[in-house]
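Written below as structure tokens is the structure these notes are about.
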């Protein structure tokens, strides 16, 4: 019996168990491609401040990054776009969607669940160095907010990394999992864009990978936290089925995944992008303004953005 991706799901399952068909060879038939995109450069990315839920707009250069990302992924058939409701992510997501063949037919869903880490009282405050012999509480009392180094620590009123990990699990259950379950029935590989923020993408990808007990890849979450602006990471995800004992897992338990990490922090689309001189590229993007490049008539040659520049994680 010849088994292909067009074979009905139940027959595929029956064949893989009883007829000896290789389930791993059929797995790609039921995978969802999740493309995780970090937003374009924001105004606060150009400042040394804690900017998590603080709603900073894209810079003009950040808008250009979003547009070239859209061009780069235009041939990828994205069926739905999820985005953080913060404007730097929303604007990036819209630029990505607008370069698709039929953008208005693509659902565009904003959610606060995809926001960056909440830095609480530290939002908008400058990065500080920790002073020896001084407690974190004493730092906060002086308006100083040094980097936190454990997963439990958080600024007053903010989120810890553990808090973000719990939020990531909620995103999996409420947003991603329904698509993976539906894919197990449809057998038509789909691509879904998730536009979010550097730190949260790192936690979300790690949470997805934890659901694959057999994962043997080498993805360091720290690399994801250092994603370039508009850098993207792609995971192909399917239900881990059949279950180890040959039965379907209970709906009350966390469903296990098969995960393939195909791309990590890709930013080739930025290789020919240049920052405009005279500070123009660093100004806040205004959707109502005229195209600055047209206004200048192309007379100013922008500076090259060096790939070696280390981005802020958010």
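The values are calculated or read from the model by the stated rules, or taken from the named source; none is laboratory data. Model, not experiment: these values are computed from the prediction. Positions of Cβ are backbone-derived with ideal geometry, glycine not excepted, and every protein chain shown enters the neighbour counts.
Points to keep in mind about this one:
- Checklist (1) buried (at least 16 other Cβ atoms within 10 Å of the Cβ); (2) in contact with a strand residue (DSSP E or B) (Cβ under 8 Å, 6 or more places away or on another chain); (3) touching a residue at least 40 places away in the same chain (Cβ under 8 Å) applied to residue 77, failing item: (1)
- Conditions (1) under 27 Å from residue 71 (Cα atoms); (2) part of a helix (DSSP H, G or I); (3) in contact with a helix residue (DSSP H, G or I) (Cβ under 9 Å, 6 or more places away or on another chain); number of the one not met by residue 230: (2)
- Filter pass, residue 163 being surrounded by fewer than 21 Cβ atoms within 10 Å (Cβ to Cβ), under 20 Å from residue 225 (Cα atoms) and modelled with pLDDT of 95 or more: yes
- Qualifying residue in region 265-274 (condition: modelled with pLDDT under 70 and farther than 22 Å from residue 171 by Cβ): no
Residue-wise test of (1) at pLDDT 95 or above; (2) within 24 Å of residue 230 (Cβ to Cβ); (3) over 15 Å from the mean Cα position of the chain (by Cα).
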{"position": "77", "(1), (2), (3)": "yes, yes, yes"}
{"position": "83", "(1), (2), (3)": "yes, yes, no"}
{"position": "89", "(1), (2), (3)": "yes, yes, no"}
{"position": "103", "(1), (2), (3)": "yes, yes, yes"}
{"position": "115", "(1), (2), (3)": "yes, yes, no"}
{"position": "120", "(1), (2), (3)": "yes, no, yes"}
{"position": "133", "(1), (2), (3)": "no, no, yes"}
{"position": "140", "(1), (2), (3)": "yes, no, yes"}
{"position": "154", "(1), (2), (3)": "yes, no, yes"}
